[in-house]
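For reference, the structure is listed below as structure tokens.
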Amino acid sequence: MGRQDDPALTWAQAFAAGAPVVGGKGWNLARLARYGFAVPSGGVVAASVYADLFRAPDVAALVLPLTTVTPDEIGDEEVQARLAALRDRVIREGLPSVTRAAVGRFLRQAGLEDRPVAVRSSAVAEDGADTAFAGVHESYLGVTGLDAVCAAVSRCFASLWTPHAVAYRRRMGVADDATPCAVVICKMVGDPHDGPRAAGVAFSCEPVTGERQVVTVELAAGLGDAVVQGAVAPQRYAVRRSGPDTEIARLDETGGAPILDRREIEALAGDIVRVHWALGDGDTPQDVEWAYDGRTFWMLQSRPVTRLPRWTFPGVPTGTTTWSDANIRDSLPRPLTMATWSLLDPTAQAIVYASAQAVQYPLPRGMQVLRRFGGRPYFDLDSLQWSFYDSVGIAPADTNRALGGFQPEIPVPKGHPLLGRAGLARVWRRLRMARRLLRFERDAPPQIDAMIARARESRSADLSTLSDDALGARFRDLQSLGVTYQPVVQLAASYYGGWVKLMEDVLGLASRHEVRPLVTRLLAASGDVASAEHGYSVSELAESAAGDSAALAALKDPDPFAWRELPADAPFRVAMQAYLDRYGHRAVFEVEMASPRWADDPRYVLEQVRFHLDHPPSRDLRSHATDVRRQAETDLATVHVCLRPIARRILARARRGAALRENAKSGVAAAVALHRQILLEVGQRMQAAGRIASADDVFHLSLFEIEAWLKKTWDGLGAAALVGDRRASLAAQQELELPGVIRDPPSAGLSAPARSPEAPRPTLDGDAWPGIAAAPGAAEGVACVLRTPHDGSRMRRNDVLVAPSTDPGWTPLFLRASAIVMETGGYLSHGAVVAREFGLPAVVNVRDAMRAIANGDRLRVDGNAGRVTRIEHARPTGGGLAALNARVSMNSCSLPTRSTRR
């Protein structure tokens, strides 16, 4: 982004030049114009004009003695006089003739030669994530004519040398020469004499408390500078969304009649939310200045909200936020498309804190539960650990064990959490949770089944026949359905984890066996675990094709739907159709909306079928898991007779919990499939309207942008630019390697995360690694290190699968494995649950497994002790093995093409 030849730049030229040339304010306005927002016609005088002026010997001589001035010295008379002299010199110097001519051409070409314009400073460090410079530099409104505009530009330059501006730079550690000043010139909004109908500021958060998921609006009649400068008491509104519903609350006590009606407030809030996603990527709340002429809301400035307070539970004992991707990496291991991120971010609190909500533990509304680093989601670990501790007395160490990962523990008060007045409240909440989970056992299965059935039925719907309004109504109805389903996921995990923990406690009273290995073996072959069943069913699909030459030929056909040409009663066709009817809403990386569903593209499923045909298992896969469970039930018979019936009742619920936990995830995949179907239809319509190049581009738009297009509050102008910029960002994010734990500095802007101290590393042998014992048993085999299931063609029968984490898309590969090793994951993570269901030894949360273990290493996996041992190093094969180890499918996040044959 080098210096432009012409110092007066249009918005398009300003975007290409970047913030180092046009300053923070200028670049953000250029981005808003690029992304289709209403921005007054105008442009930017480049910062190089200011830099050239201050390099002139006479001006530089006036600056030199001021460079060493400290904040304490700024009030000195001599310093004040020097600053005044410098400002006067800059104003008298004016603009060079070349710049003046360029500004004249710019005004003529923009139709602003005789129109009143705003002339506003745009210093390079201004409007950044950490330095706003709010109210520090000057702006001039209603300026008309070339002479007046050029004079105002010079005054903007001079305003960088007021005592206030210099003091701000010193306080924020910004060097004088690090923030040269560009200047924005843009048309005034509204009537030339009376100004706009209303103007003000809006925040995509609550700037005082730090609450998210709210738009805060301050407005007054006429020009907005009175609101910005605090010269008037503005009308204030808070606008919140819950699913498709909007809540608008007036907060001020001025008593005046509303300047804007409810419809206009809601429309403004919708624009601010779009700014939040266009400029802040859904992570960084925005501070927006706007004006309304009675027809259009014009965006006049946007910058990140700086020093936003942390909004969390009152008792959280940490001053900084620790972010972790433990457990969440199971479902979301890769950078997310904007559509997926915008689905997750607003729903995160209802999902993550469903258990706290169920026991009526006070929840601050609008916490920042998730945040992305390098496009990957992380959750606020401190707040989560505190909520479990303070609500029901679960120690941070136990929370970490369930989550996996290598994060630190927050400090909590000494003493037993269930004693004292606070302890009694926690005991009461535990009892309330037990009652809630007993109801959940009854209520959840119909909810899960209904979501999956809806996805199945929707696959046959032709959305192209719906009007935009009808499609929008379908979209809002899906949002309402999502609101009721959100708590199911976390409550299912709580149900499962609670009964497993109780089972361990009961058996710990009387069993002669090691308790946890016994419990995990008892949980094998629980039945109706959706993520395991779709793996078993792949093997059974292979059995239906065996010996059928036509089916085998269809499986070799590159068309993934060639099997549909088989006779209607062909066993493989019947079985394959039944498989897709039941599991067609699932996918590899299934929470990512851009991932094709198996009903749309079953190539991954067919690849697994071909593997089972080419490498049939040596044992019946279901029988193996059943044998593991039966042996454990024999051991259970040694428990004291008085405890045995209690243990069996608890075990039955723990087994139901395994099914509920994984089936709830299947329901999530169904909800994502429903969203994906609507988004693809929107994408086809936006493509037909010329707004995006292909229907799949829609996944690079946020759901709020898609909703605005459906409601016709946005015409889609700028969508192609958003898609292109986000696609490039996603490609760059795929190349990043990030730690599992990241900590924010206190009150830091979002641009400066720091690697956090993780949990202490255990002492290791050179060829042995500890982890969490997730599924019992021991096995030996050759390591197959895979970054993604798409690399599964490299895996052989009885290899040890080594993976970073696993979501349900990995499940078919489990049935090739002799054991499972995962770099992250907890005792209740997906991989642990499914490994137990299959009766496979598994060790999860093995730190640095993906780096320490190489393809071809021979491993011993001890799922009882939670230990992985390298028995033999991989044998070099002339570079081929090294090349194999280096092969990482970083491009698997690109959007796959969809099949054509149906």
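What to note about this one:
- For the peptides 336-348, 313-325, residues were scored by their other Cβ atoms within 10 Å and the scores averaged per peptide; the highest-first order is 336-348, 313-325.
- Pairwise Cα inverse-distance average, inverted: Kirkwood Rh of the range 8-187 (Å): 16.4
- Per-peptide average of other Cβ atoms within 10 Å, ordering 608-616, 387-395 highest first: 387-395, 608-616
- Our summary gives the range 1-107 a relative contact order of 28 percent, counting only alpha carbon pairs under 8 angstrom and 6 or more residues apart.
- Taking the C-alpha atoms only, the angle from helix 381-392 to the longest principal axis of the chain is near 60 degrees.
- C-alpha center-to-center spacing [the range 854-876, the range 234-256] in angstrom: 60
- Rounded, prolate or oblate (a/c below 1.5 giving rounded, otherwise prolate when a/b exceeds b/c) for the range 198-304 by Cα gyration tensor: rounded
- Average projected area [Cα convex hull, the range 286-380], square nanometres: 8.9
- Under the criterion of Cα pairs below 8 Å and six or more residues apart, the relative contact order for the range 198-304 equals 27 percent.
- ASP72, ASP581, reordered so the largest accessible area comes first (probe 1.4 Å): ASP72, ASP581
- Surface calculation, 1.4 Å probe, protein heavy atoms: HIS790 sits at approximately 90 Å² accessible.
- When you restrict to C-alpha pairs under 8 Å that are six or more residues apart and normalise by the size of the range 528-636, the relative contact order lands at 27 percent.
- Cα pair distances of the chain binned at 20 Å [whole percent]: 13, 41, 31, 14, 2
- What you get for the range 549-605, charging only the Cβ of Lys and Arg (+1) and of Asp and Glu (-1), is a dipole of about 140 debye around the Cα centre.
- Simple point charges give the picture: +1 on the Cβ of Lys and Arg, -1 on the Cβ of Asp and Glu, and for the chain a dipole about the Cα centre of about 2420 debye.
- The range 517-546 and the range 1-46: distance between their alpha carbon centers, rounded to Å: 58
- Accessible area of the chain belonging to carbon and sulfur atoms, whole % at 1.4 Å probe: 53
- Loop-located trypsin sites (Lys or Arg not before Pro) in the range 340-430 whose Cβ has at most 12 other Cβ within 10 Å (DSSP): LYS414
- Gyration tensor (alpha-carbon) shape descriptor, the range 344-439, a/c threshold 1.5: oblate
- Three-way shape call for the range 768-872 based on the alpha-carbon gyration tensor, with the a/c threshold at 1.5: rounded
- The distance linking the range 265-318 with the range 80-117 is 32 Å (Cα centroid to Cα centroid, whole angstrom).
- For LYS501, the lysines whose Cα falls under 29 Å of its own Cα, not counting residues fewer than eight places away in the same chain, are LYS414, LYS665.
- Per residue solvent-accessible surface (Å²) - the chain, probe of 1.4 Å: 40
- For TRP499, the solvent-accessible surface with a 1.4 Å probe is about 50 Å², rounded to the nearest 10.
- P(r) tail fraction, the range 528-636 - alpha-carbon pairs more than 21 Å apart, %: 41
- With both residues required to sit in the chain, DSSP beta bridges show an antiparallel share near 90%.
- For the range 438-514, the Cα gyration tensor yields ellipsoid semi-axes of 42, 12, 9 Å (square root of five times each eigenvalue, largest first, whole Å).
- For the peptides 694-700, 564-570, the ranking by mean Cβ contacts within 10 Å, running from highest to lowest, is 694-700, 564-570.
- Helical runs (DSSP H, four residues minimum) scored at -39500 (n - 2.57) apiece and divided by the length of the chain put the mean residue ellipticity at 222 nm at -14500 deg cm²/dmol.
The values are calculated or read from the model by the stated rules, or taken from the named source; none is laboratory data. Here the structure is a predicted model, which is why all the values come from computation and not from measurement. Because the Cβ atoms are built from the backbone with ideal geometry, glycine has one as well, and the counts that use them run over all protein chains shown. What goes into the accessible areas is simple: the full protein's heavy atoms, side chains included, and nothing from ligands, DNA or RNA. Shrake-Rupley method; radii C 1.70, N 1.55, O 1.52, S 1.80 Å.
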